[in-house]
Every structure is written in structure tokens, then in C-alpha cells.
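In what follows, a single structure is set out as C-alpha cells and then discussed.
Every number in this text was worked out from the coordinates using simple rules, so none of it is lab data. Values in this document were obtained by computation on a predicted structure and should not be read as measured data. With ideal geometry, Cβ positions are generated from the backbone for all residues, glycine too; neighbour counts draw on all protein chains shown.
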């Protein structure tokens, strides 16, 4: 079942709904604190533990965790930044019979610290003794476990609220990941993330999900027993001029490896010989004008345009011609930049089956200012998809895929080895190949991004883009075995 990602407000609503259905806040707090203690026991050897407790329910979770750890024989002390200020926190504190002392200004490296000061809903910067403690922790090799989010990290953006925030080796959150747990800056501050079930109900109409196979695997386009190449989809990829052909071939090979039955590189005449010398299973077809290109793509199910296509009017005209063929378009790289002076002309060509695949620089060129104006990348990608009327895949370590209808997904399996020239061209080919096989464009973009990242992670150091298509079969075989 797809796993939704919640905003701070949505998580608060889930808590309220549980209370309304008969699960009192102290019961939920008991489950949460026990989950924290369980995660600590599973990952750390016995050592002294200090739990920093704040005034709210996050602090209440800390008091419960302290009780459960001590019951298991751990040496536990609580350091309270403030007295408990909610009914549930007061209840939890009253059940803790151990030591409570003020915050220390010099934590010890030999102790495990649990940050239960403030949760994801914090709305103001850390200050006073807590800010001082956070600064001290940044300079020391301390083992820190965070409850919900590291204190000072805003739950909807993953960014510090001020100039300082805690960082954790392990973060235990509840029910579902929040946005801070999936966006790169927050994810880095959280360390390992454990999501504990505390008995809440799923959201009724979720529209933000973790991008993994649970989101799209049931609709993956596996071939039928009687399949042949023409029933497995026709993908075409537009090549650049003679000295800029490799990117299109990478995209074409990606589309072929992901399962498209017939893949063709559409090539300018001066690049035909270069392309022909490097292509085997991928076919080759010439074009001279934009009208020729549209004719060559007339029977395509999907077309990739942009990888090393050249920036300028010719590429813009080629895209506009392709838009009239009815094929789904995957618009990447140079095809995006060719519209930087007039993004609306690009949007006028698109429909909801098309996919734009910008990295942040290309995103800025066609959606100027949107990343700066939005609170986080999810909101920016959603606004971009609405503006373009097409699916937008915003690349990064936390790749976001957004559809015009508001659905969005965030990848959690980003691999740093993918930061290499040509990697994005293969991704465009993966997405185009899946769309050509009949996969819905939002799901194809999600699946392509996830498979692409898995390929990068499996290879690891030394990865180059040429490796990626050959890594896809092993990933696909595992998906097929689990279908």
C-alpha cells in the first residue's frame, strides 16, 4: 500500500481523529515513548542515557521513553528544559520516578542523548539555553536520538528555523514520515529514520507519497505472453548534431532496457553516420526539418527531446512540431532551456501526459523564482506542474514528481553516484520507455526515478552514465519476482 507523507497539520489532524475515535492522548504518548525506547535498545549497547524533555507532548514522549528504558535496566536521567505544559506531558512526567535535573551545558561523549525538546510543529527558532546546547552539540561527537524531528528543524520544510538546530544519528517518528523526513536538508539532519506505528488511521485522501514500488508496481507494464515488439511500445529519441549525439543514444538505450519494444533515434543528416556506428538494437531515422521530424514521429507512443539537442529556435520548433503528433513528450535538458525566454510557449504545447525533467537550474529557467518563493521543493514542483499542465520531475537527492492534479511523490533512495554527466539522459529514456509501454505518465516518472536511483546505488563508486542501462535488468527482475 502506498505510504503517504504528512504535513505537520495533517499529522495533528490524525492525532485528533484518533482521540475522537477513542484513543486518548496519553495512550498515544505511551505507544510513542515505548517505540522510542524500543528503537534505542535495538541500535545501541547499554550506556548512560540522558533525555532532554521539552514542555509539550514531544517532551511527554521523552518521559515515557525514560521509564521504559529504565525498566529494561538502562541508567537514565531526564534533563527538563521547562516544566510540562500540556495535560498529557504532565501525566507522563508524573509517572517518571527517576532523576530530573536542569539542562547540562556540557554533554559527555560517552552518554546517549535523546532529544525530546520540540517536535515537527515547532514554529520559532531555538533560543536561550537550548540554542546554546544545540551549538555545543554541533561541535562534539555526541550520539543523539531525536523524537519526531531534531529540535529546531521545521517539520514541513526540513530547514532550521533559525541559525542553529540539533542533528541526530537516529530519528524516531510516528505513523508516517513528515516532509522534513524526506526533503534532503531535513533528512540529513535526522540521520536514520524509524517510522513507528502508534495505531493511527491512514489519511482519507492522500496526495503526497513516498516514491517506492508500493506506489506504482501494480501498474508496471510487464509484457503479456503474446507480446511482440510493436505491442511493447514505440519510443523515439531526438538526436543532436554530429558532435552532440551521445546523450540521445544514452536515452534510447535506457528506453530499450526499461522494456520499450521498438526504439528509434531520430537524427539530423550530419549525425547519421556517427549514430549508425554506435547503434545496434536501437533503430535510426533521419530528419531535416521540423515537419520531417513530426512525420518520423507520427506513430510514436512517446518521444524524448532535449538530451544534447541544442539550445535555440530549432529545438523549440522541433518540440512544437512533435506536440502536434499526439505522442507523449519527455522534455529534458536543451529542450527546456530553449524556452527560457518564453516558458508560456512551452506550456502551450504540453498536456497532462507529458513530462518535464529539469534539474534545479533548468527549473529556474522555465519557472523563474518559483523555488525561492515556495517553502520547499514539493510545493515548487506542484505549482510548476499546475502552471505547465504536465508532470514535473524536479531532480535532486530528494527528487520530487508532481502531477497537474496535485499528486506528488518524493524519492528516498537517491544515490550520490548519479551525479555524473549523462545520468539524466538515461532517466529521460527510462521514463519515455515506460510511457511508451502504456504506463500513466505520473507513475512512469515515479517508477523511472526509483529504478534509476536503484541502479546508481547498486553500482556505487565509479558509476558512469553508460553503466546505468545495463544495471536496470537486475532491478527489473526483482520487481518482477515481487509482482
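One table, with the values for the structure above:
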read-out	value
Protection-proxy order for peptides 461-467, 74-80, each taking the mean of Cβ atoms within 10 Å per residue, highest first	74-80, 461-467
DSSP beta bridges in the stretch 213-481 [antiparallel fraction, %, rounded to 5]	25 percent
Sorted peptide list for 437-448, 470-481, 196-207, 146-157, criterion being average Cβ within 10 angstrom, highest first	146-157, 437-448, 470-481, 196-207
More than 16 Å apart - percent of Cα-Cα pairs taken over the stretch 125-180	41 percent
Percent of beta bridges antiparallel (DSSP, the chain, rounded to nearest 5)	15 percent
For the stretch 105-169 versus the stretch 287-344, the gap between their alpha-carbon centres in whole angstrom	49 Å
For the stretch 78-234, the spread of Cα positions along each principal axis, largest first, Å	72, 35, 30
Cα-derived Rg to Rh of the stretch 56-171, Kirkwood definition	0.94
For q = 0.07 Å⁻¹, Debye-computed log10 I/I(0) when each Cα of the chain counts as one equal scatterer	-0.44
Helix 377-388 vs. the chain, principal-axis angle (Cα, 0 to 90°, nearest 10)	30 degrees
Average Cα contact separation per residue, the chain, under 8 Å, 6 or more apart, as relative contact order %	12 percent
Cα pair distances of the stretch 213-481 binned at 10 Å [whole percent]	8, 34, 38, 18, 2, 0
Gap separating the Cα centres of the stretch 199-259 and the stretch 388-448, nearest whole Å	9 Å
Helix-derived mean residue ellipticity, 222 nm - over the chain, DSSP H n ≥ 4, -39500 (n - 2.57), to 500	-12000 deg cm²/dmol
In degrees, nearest ten, helix 313-323 long axis to first principal axis of the chain (Cα)	90 degrees
Rounded to 5, the percent of DSSP beta bridges in the stretch 115-248 classed as antiparallel	10 percent
Zone residues, the stretch 317-358, relative to residue 291, backbone N less than 14 Å from point 7 Å out along Cα-to-Cβ	321
The stretch 1-122: radius of gyration over Cα atoms, expressed as a fraction of 2.2 N^0.38 Å	1.08
Two-decimal log10 I(q)/I(0) for the stretch 324-441, as the Debye equation yields it once each C-alpha is a single scatterer, q = 0.09, 0.21 Å⁻¹	-0.21, -1.28
Tensor-based shape of the stretch 261-320 (alpha-carbon gyration tensor, a/c under 1.5 rounded, otherwise prolate or oblate)	oblate
Ordering of 34-47, 247-260 by burial proxy (mean other Cβ atoms within 10 Å per residue, highest first)	247-260, 34-47
Cα gyration tensor, the stretch 417-483 - rounded (a/c under 1.5), prolate or oblate	oblate
Relative contact order [Cα under 8 Å, 6+ residues apart], the stretch 8-206, whole percent	19 percent
On Cα atoms only, tilt of 441-459 relative to the major axis of the chain in degrees	80 degrees
Debye intensity ratio I(q)/I(0), log10, the stretch 142-228, q values 0.18 Å⁻¹ (C-alpha model)	-0.81
